[in-house]
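The values are calculated or read from the model by the stated rules, or taken from the named source; none is laboratory data. Keep in mind that this is a model prediction, so the values were computed, not measured. With ideal geometry, Cβ positions are generated from the backbone for all residues, glycine too; neighbour counts draw on all protein chains shown. SASA here: full protein model, heavy atoms, side chains in, ligands and nucleic acids out. Shrake-Rupley method; radii C 1.70, N 1.55, O 1.52, S 1.80 Å.
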Amino acid sequence: MSGPVVRFAPSPTGRIHIGNARTALFNFLAAARLGGRFILRFDDTDLARSTAEFADGIEVDLAWLGIVPHLVVRQSDRVALYEAAAERLKQMGLLYPAYETQAELDRRRKLKQARGLPPIYDRAALALSDADRAKLEADGRRPHWRFRLEHRVVEWEDGVRGHCHIDCASLSDPVLVREDGSFLYTLPSVVDDIELGITDVIRGEDHVANTAVQIQIVEALAGSDRVPRFAHHNLLVDASGAGLSKRSGALSIASLRDSGVESLAVAAVAVLTGSSDEVHAVGSLIELAQKFDLAHVSRNAAKFDPADLRSLTQRTLLKLDFEVMRERLAAHDIVGAHAEAFWLAVRGNLEKFLDVCDWWRVVDGEISPVIEDTEFCRAAAALLPEDPWDEKTWSAWTSAVKTATGRKGRELFHPLRLALTARENGPELAKLLPLIGRTKAQARLGS
Ligand code: GLU
């Protein structure tokens, strides 16, 4: 049996933020853990606002997160499919022309509300005769097209929300095609879900209200056995409870990346916030996929604090093995026999990955040593052991310095750290010293 087929369907009218990444990752992980397929679908039928640059940028953002789709499709390439589906629905009598202007619809809605009736479209267009329609068209009116809903209760087992039902008698017949022949979101989405064999639609809970309509359209076009499973997850909100929007610039994936947040920290926050699993650092997306379960997602808002991304970045770096980091380190010329020992020495002292460059300079380049006490440093330099050095060299050396000078504790260690690294704090010197090496150590101590 093959795994699930899922899709992430952003409209390329902006870059994605961490809330969109949540949806993308839920889909990706659901596919990854069961050997399924992940399709990236650009909902770009809004030609005025969609751009190829945004679409390319979204692919870059997803790749940075570790998501490489099995297939990428663009709705703008698939309009013929939507037109064919609309034609079939018309032939079935399920898509009907309606001529009301927005002003007429607003007026009728207000009248209904004033009478305490639900503001549902009254299907007046269904009562038009051929002659009525011919007259309207002769007057220059163009129809928009509505799907004729069956007035029944539609039910589904939601992967997050459990049993759901919507009474379609309480809904207006949705407009699927605009006056100018362009499509609103609903029909293209359903047609693609059918055509691409989507088995699981995992998306934000802002789409729950669309689901009953979409189920009815799938049933009409392809039969009830083609209805996908649905799961509607809660949305990420910031600490003040406000939702994220395309304007949440600082939380866009691109700006998080540029600010030095690790992609796995973004993934852990995006996926685990608002679930019964605590947010914790992970070493790979596979690890996250193995833990991931839609059933653990809460129905309450998923509140997160962007500041957590920084601390999680530190904890994430600590989990990353050299093999995973080799290429990223090499991109900063951190290569050679010591590269692995270097990574293991410094990974616990990084606020962001790029801090490795400063530490590499400490072990491999030039620094300006800080000498607090010239005499003490010279005396210590004279006691440096002979090569070869390893992680025991530091304690052997400092014991000798202690015996010779009578210093201990901070008085002993602090001036040595300042001279050797020019910094107050940092990775364990037992690990750094052999990387710095005898020649440099001696020079920095001022002898
Ligand atoms: N383009 C839609 C959105 O971004 C996709 C919704 C769906 O997943 O069906 O909200």
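Things to note:
- Condition met for Ile67 (away from the ligand (no atom under 13 Å from the Cβ), over 25 Å from Leu176 (Cβ atoms) and open to solvent by less than 50 Å² (accessible area, probe 1.4 Å)): yes
- For region 196-210, taking the residues that are more than 9 Å from the ligand (Cβ to nearest atom) and not charged (D, E, K, R), the one that is nearest to Arg74 (Cα to Cα) is identified as Leu196.
- Residue within region 365-374 that is outside any loop (DSSP other than H, G, I, E, B), modelled with pLDDT of 95 or more and out of contact with any Lys or Arg (no Cβ under 9 Å at 6 or more places or on another chain) present: yes
- Set side by side, the residues Ala85, Ala30 differ, and just one is modelled with pLDDT of 95 or more, within 15 Å of the ligand (Cβ to nearest atom), under 22 Å from Glu195 (Cα atoms) and buried (at least 22 other Cβ atoms within 10 Å of the Cβ), which is Ala30.
- Here the helices (runs of 4 or more DSSP H) wholly within region 221-319 that include at least 3 residues being closer than 26 Å to Cys164 by Cβ and of a type in the set (A, V, I, L, M, F, W, C) are 263-272.
- Subset of region 204-245 [charged (D, E, K, R) and under 14 Å from Thr23 (Cβ atoms)]: Glu205, Asp206
- Test: Asp193 is assigned to a helix (DSSP H, G or I), within 14 Å of the ligand (Cβ to nearest atom) and open to solvent by 60 Å² or more (accessible area, probe 1.4 Å): no
- Residue within region 211-220 that is in a helix (DSSP H, G or I), closer than 23 Å to Ile39 by Cα and open to solvent by 40 Å² or more (accessible area, probe 1.4 Å) present: yes
- Within region 92-123, tally of residues that are in a helix (DSSP H, G or I), open to solvent by 40 Å² or more (accessible area, probe 1.4 Å) and of a type in the set (A, V, I, L, M): 3
- Filtered by the rule that a residue be hydrophobic (A, V, I, L, M, F, W, C) and in a helix (DSSP H, G or I), region 375-400 gives Phe376, Cys377, Ala379, Ala380, Ala381, Ala382, Trp394, Ala396, Trp397, Ala400.
- Given (1) within 13 Å of the ligand (Cβ to nearest atom); (2) under 15 Å from the mean Cα position of the chain (by Cα); (3) crowded, with 21+ Cβ neighbours inside 10 Å, index of the condition Arg41 fails: (2)
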